[in-house]
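Beneath this line is the structure, given in structure tokens, with notes to follow.
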Amino acid sequence: MAAVQRRIGDGLAVLGGARPDVLEAAPGARPRFVALGGVLLSTGGLAVVSMAFAVAMALGVWWPLALLVGLGWGAVVVNLDRMLLVGMAHDASLRRNLVLAVPRIGLALILGAVIATPLTLQVFSAEIDTEVKAMQAEDADAFRETLETDARFTGLPQLREDVALGESIVASGGAADPQLASVQGDATAAQQAYDAALETQRGLEARAQCELDGTCGTGDAGTGQAYVEARAAADAQEGVVAAARSALDASTAAASAAEGRAAGLAAASLETDRAELARLTAEQIRLQTAFDATNEDADGILARLEALDRLGDRNLTLAAAQVMLSLLFMSIEILPVLMKLLLNFGPRSAYDELAALRDSGDVEIEAMQRDSRLAVAAAREELLVMAERERIDRQKSAILARREAAEAAARIERAAAVRAAERAAAMAQAPAEVAPEGLRPWDTGPMRLARMLGSGRRRPADRVPTGV
């Protein structure tokens with residue numbers, strides 16, 4: 001068990017930036033690096049959970065797959081944090097530490113914000129879900145209003161009214177057409193005039209009858225003057241009733257004809273209006289349905305962040321909790337760099353001294369090896385130069401020897417040619433009678449010269465042995 005714990009501690013120390021060879025010589029620094037490694041693992045664990053939540057919320061993937069992606073992101077974060085730690089060597093200078101720490105802390109803050117955001121969203125998930133549903137309902141209403149004001153559907157309400165009016169006109173046989181109000185008013189007025197004339201006639205008939213019976217008027221029964229006047233008035237009213245009836249029939253016929261024409265026209269345009277109404281309504285429903293389908297799925301990270309901001313604007317307590325929670329996660333992320341920065345302000349430890357000595361020794365050894373390599377390379381190059389010079393000198397000597405031999409052969413040939421020319425000249429100046437043996441007077445030209453030269457050669461007996 002102790003061996004396992006030691007191996008785990010060694011791994012954490014190496015993760016925290018310790019060098020195993022130096023740590024063996026300075027074991028007192030081991031707890032510090034083990035603690036740094038544990039802090040790195042804690043930030044990596046937060047990064048794993050945060051990325052798993054983010055992938056699940058943004059993509060809706062299966063949780064094991066989201067966890068696998070989170071593990072990869074956690075490894076990246078741990079590696080970045082370790083790089084930030086390893087790059088900050090011990091230095092007591094405040095200025096240099098700040099110059100080194102500011103960009104590293106800035107990067108750690110960025111990583112902390114990225115890691116803290118999904119975790120914060122998960123903590124307030126219940127409130128965010130409710131707000132997201134409210135946002136989706138608001139977006140659906142807004143889109144519905146947009147569709148109603150869309151130029152493609154601006155005539156839809158009027159088209160609905162036209163279809164309803166056409167259906168009522170067809171159902172009523174044209175009587176519901178508002179354009180027939182004047183014609184229908186004329187028929188109504190004629191009906192009222194006829195009813196009034198008929199009522200007047202009935203009154204006059206009743207009066208004439210009661211005058212005849214003596215039950216009214218003068219009270220004298222019989223066909224007296226009162227009855228004759230009443231009868232004349234009743235007969236005159238019959239003409240008025242007949243005229244009113246004629247006018248009523250004419251108005252009724254005109255109204256019926258107009259209603260028939262209106263019903264025909266409404267029936268002709270009703271099918272077209274219904275088809276256009278069905279097309280526009282179907283298109284509007286399709287757009288609304290497509291938006292609703294998209295809107296129902298609009299619960300990703302961006303929508304949840306917007307919902308969290310809206311909640312924070314309305315609820316100060318939630319806003320304060322959100323800020324504190326984000327600061328907590330970011331503090332955990334920058335903790336390794338902050339710890340390393342604080343340790344750098346302290347005195348140099350034995351580990352730091354040994355690490356500096358090892359580094360300087362490595363530099364000196366490397367410099368010595370470099371000098372040795374340079375010396376060997378220089379000697380090798382010098383040997384190559386000497387060998388090349390010797391080869392060139394040998395080639396030069398051979399060329400000079402061949403040149404001297406050629407010049408000597410040329411001198412010998414020139415000397416022989418000169419002696420031959422002198423001998424030929426001497427033979428040409430001698431008298432003809434003392435010509436060499438075998439030379440004939442007719443031997444001229446080249447034959448004569450050849451005989452002369454041949455006669456002048458030494459016989460084998462006259463030659464002087466070489467070396468005498």
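The values are calculated or read from the model by the stated rules, or taken from the named source; none is laboratory data. Note that the structure is a prediction, hence the values are computed from the model and not measured. As a convention, Cβ positions derive from the backbone with ideal geometry for all residues, glycine included, and neighbour counts pool all protein chains shown. The accessibility values were calculated without ligands, DNA or RNA, using every heavy atom of the protein model including side chains. Shrake-Rupley method; radii C 1.70, N 1.55, O 1.52, S 1.80 Å.
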Which whole DSSP H helices in the chain pass both tests: a Cα extent of 30 Å or more along the axis and a mean Kyte-Doolittle value no lower than 0.5? 30-59, 63-86, 94-123, 316-344
Show Glu199, Glu276, Glu366 ordered by accessible area, largest first, where the area counts protein heavy atoms only and the probe is 1.4 Å. Glu199, Glu366, Glu276
So what is the 222 nm mean residue ellipticity for the chain from helices alone, if each DSSP H run of at least 4 adds -39500 (n - 2.57) and you divide by all residues, rounding to the nearest 500 deg cm²/dmol? -29500 deg cm²/dmol
Work through the residues other than Ala244 whose Cβ is under 15 Å from its Cβ and net out their charges, Lys, Arg +1 and Asp, Glu -1. -3
Distance in nm between label sites at Thr146 and Glu283, each 7 Å beyond Cα in the beta-carbon direction? 1.7 nm
Given the protein chains as shown and a 1.4 Å probe, how many square angstrom of Phe53 are accessible, to the nearest 10? 50 Å²
Give me the base-10 log of I(q)/I(0) for the stretch 31-84 at each q in 0.16, 0.18, 0.19, 0.26 Å⁻¹, Debye formula, one uniform scatterer per Cα, rounded to two decimals. -0.47, -0.56, -0.60, -0.88
Can you check what the net charge comes to around Tyr194, using other residues whose Cβ is under 15 Å from the Cβ of Tyr194 (Lys, Arg +1; Asp, Glu -1)? -3
Sorted list, accessible surface of protein heavy atoms, 1.4 Å probe, largest first, for Tyr194, Tyr351 is Tyr194, Tyr351
Debye intensity ratio in log₁₀ form over the Cα atoms of the stretch 260-312, taken at each q of 0.20 Å⁻¹: -0.79
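Determine how many Å³ per residue the convex hull of the Cα atoms of the stretch 280-396 encloses.
It comes to 323 Å³ per residue, whole-number rounded.
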Between the stretch 249-328 and the stretch 165-198, what is the C-alpha centre distance in whole Å? 39 Å
What translational D, rounded to a whole number of µm²/s, comes out for the stretch 111-160 from Stokes-Einstein when the hydrodynamic radius is the Kirkwood one over Cα pairs, at 25 °C and 0.890 mPa s? 176 µm²/s
How large are Rg and Dmax for the stretch 133-289 when only the alpha carbon atoms are used, in Å? 29.8, 96
Can you pull the semi-axes for the chain, root of five times each eigenvalue of the Cα gyration tensor, sorted largest first, whole Å? 132, 62, 15
Using only the Cα atoms, what convex hull volume per residue in Å³ does the stretch 318-377 have? 113 Å³
Square roots of five times the Cα gyration tensor eigenvalues for the stretch 240-330, Å: 72, 20, 5
What's the extension gain from Arg358 to Ala379 if we count 0.36 nm per residue and subtract their Cα-Cα distance? 4.4 nm
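Which order do Met1, Met51 take when ranked by solvent-accessible area (1.4 Å probe, heavy atoms of all protein chains), largest first?
Descending order: Met1, Met51.
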As an exercise, take the mean of 1/r over every pair of distinct alpha carbons in the stretch 1-137, invert it, and state the Kirkwood radius in angstroms. 17.3 Å
For the charge dipole of the stretch 109-169, defined by +1 on Lys and Arg C-beta atoms and -1 on Asp and Glu C-beta atoms about the Cα centroid, which residue among Leu159, Thr130, Pro118 has the Cα displaced farthest towards the positive pole? Pro118
